[in-house]
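Taken together, the values in this text are just the output of simple stated rules run on the coordinates, not laboratory data. As the structure is a prediction and not an experimental result, all values here were calculated from the model. So basically every Cβ, Gly included, is an ideal-geometry build from the backbone, and we count neighbours across all protein chains shown.
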């Protein structure tokens, strides 16, 4: 008689211990796995450690939205692009140009009465070589109260080294009377910041996420009792808009850059200097004009979900657009995702613990998982809410994958698969205990309830397995035998007592549960068979005969809810230590086994 192959012996080195472990643990594994995974998921979600998946979902959706909000037509970019650098170079040289160029640009734009002229350029140092141009620019800025300028917040650890007082900066607001009047901050500010007033100065920092991408823009930062507003926040506030109370907003991108209307600076500049301009005289009237650069040679590019090299001026314009129109993205609190995750894992745990039909579990799980992704995608297309269900999705997928793998291993072990069990090895002796059930009710809901309860209870056993629905692929035979369920316990003869006790406890629990709900029309028969696996295949004939006898027995008319064949009674007689529960005795089993 041939023994196991080398491959099978190798696989069994791992599979057999797993099979024995699954047999001992049973369905308790699903509960333990749920507790472990939920603890990890709650820690990850509540602690913000699941941001990687969230960022990936946000990036993917932003790149592939079918409903992209249009850019505000009142925001216009004046671009220092490569064409402008080339056109201006003969007369003004390489960048940076004399400050008189910017002064003339502001004067020309101001004549058209734009709502705001916003610079994405930090004029940190005066031009020592052309002080008159600097002075000219300073005067124009002072007189043009619709101009707004950025400043850069440096590392707060260096605040004590700075002599720049927060109270002296426009755009910085005192939060309380307790704010330190002498508080200083490390900042890069325009050299003419003293000429500015009101909210004409704001920070223009880009705070990158852990992966180096820009997804949010700050509204403010608090320091020493002072609130330092960002440049777009101060522009919107100066124009009469309301600001959100949050410190940062998740950006609602307007599409690939440049998303807003863009014109080259040299075209605007040369047109403004002409006595008779070739451009509309009201081109910038009532607009918010943002002046910055998209030229790669000036290195003012940052990675975003929309573009690997996204011009900072377009990011600034997007933040302005979001705050002005109040359509930045809002997010649900983390506890919502924690609750959704808990609900999903609990539902999956119940499905596996109660041995729910695998086909339905797989179908419903697939639909729910797809629904989570669809909801996330649709919300970012139709609303200004980023409902990020990727964390519940990931937790559900991880739980389901492990639980389904364990369920498969457990089922294979109970069914005698050669990887996980030696019960069907050549020469092995097998003991099979069979439970056949016939559902006599014509009420489909009642039948479904009884079937579900029996499958649940078998799933809670250590050895029991449910046979596939008999003749399900064949409609005619399935309609004839579809009301019959078959369960079996396959063990070695040395485990007969343990398997019998397992079966008796399962029946006790099942009848007790069904009795509480009203005993339905049900007939159950217990049968047993023992055979030795041989190469000639005689054991298959013995097993086939046992299964046929089990199915045939339950079809016979009987007044008892539960009965047993002589073969089962003989097995029961050899295990006197296993008591007969009163529930089973009343159901009719006493007369069959005593």
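Listed values, structure above:
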read-out	value
Rel. contact order, % - alpha carbon contacts under 8 angstrom, at least six apart, the chain	16
Part-to-part distance (alpha-carbon centres) for segment 190-212 and segment 19-93, which is given in Å	26
Footprinting exposure proxy for 388, 159 (fewest neighbouring C-beta atoms within 10 Å first)	159, 388
Relative contact order (percent, whole number), segment 20-164, Cα cutoff 8 Å, 6+ residue spacing	19
Alpha-carbon Debye profile of segment 44-158, log10 I(q)/I(0) at 0.18, 0.19, 0.21 Å⁻¹	-1.04, -1.10, -1.23
Principal axis box of segment 326-430, alpha-carbon based, largest edge first, Å	77, 22, 19
Value at 222 nm in deg cm²/dmol, rounded to 500, when DSSP H runs of n ≥ 4 in the chain each add -39,500 (n - 2.57)	-14500 deg cm²/dmol
Between helix 99-110 and the chain: long-axis angle, C-alpha atoms, 0 to 90°, nearest 10	80
Bridge type composition, segment 75-325 - antiparallel percent by DSSP, nearest 5	45
Computed over segment 75-325, Cα set: Rg, Dmax in Å	17.9, 56
Computed over segment 317-405: relative contact order in percent, which uses C-alpha pairs under 8 Å that are six or more apart	42
Mean projected area (nm²) of the alpha-carbon convex hull when segment 190-343 is viewed from all directions	13.1
Residue order, fewest to most beta carbons within 10 Å, for 539, 419, 253	419, 539, 253
Distance (nanometres) between label positions extended 7 Å along Cα→Cβ at residue 267 and residue 370	4.7
Bridge type composition, the chain - antiparallel percent by DSSP, nearest 5	60
Share of alpha-carbon pairs per 10 Å distance bin for segment 495-560, given as whole %	17, 34, 34, 12, 3
Stretch gain in nm, segment residue 122-residue 144, where the contour uses 0.36 nm per residue and the Cα spacing is subtracted	6.2 nm
Calculated SAXS-style log₁₀ I(q)/I(0) at q = 0.08, 0.11, 0.12 Å⁻¹ - the chain, Debye, Cα scatterers	-0.71, -1.00, -1.15
Compactness relative to 2.2 N^0.38 Å, alpha carbon Rg of segment 429-593	1.01
Label point 7 Å beyond Cα of residue 135 along Cβ direction - residues of segment 174-204 with amide nitrogen under 18 Å	191-195
299, 137 arranged by Cβ crowding within 10 Å, fewest neighbours leading	299, 137
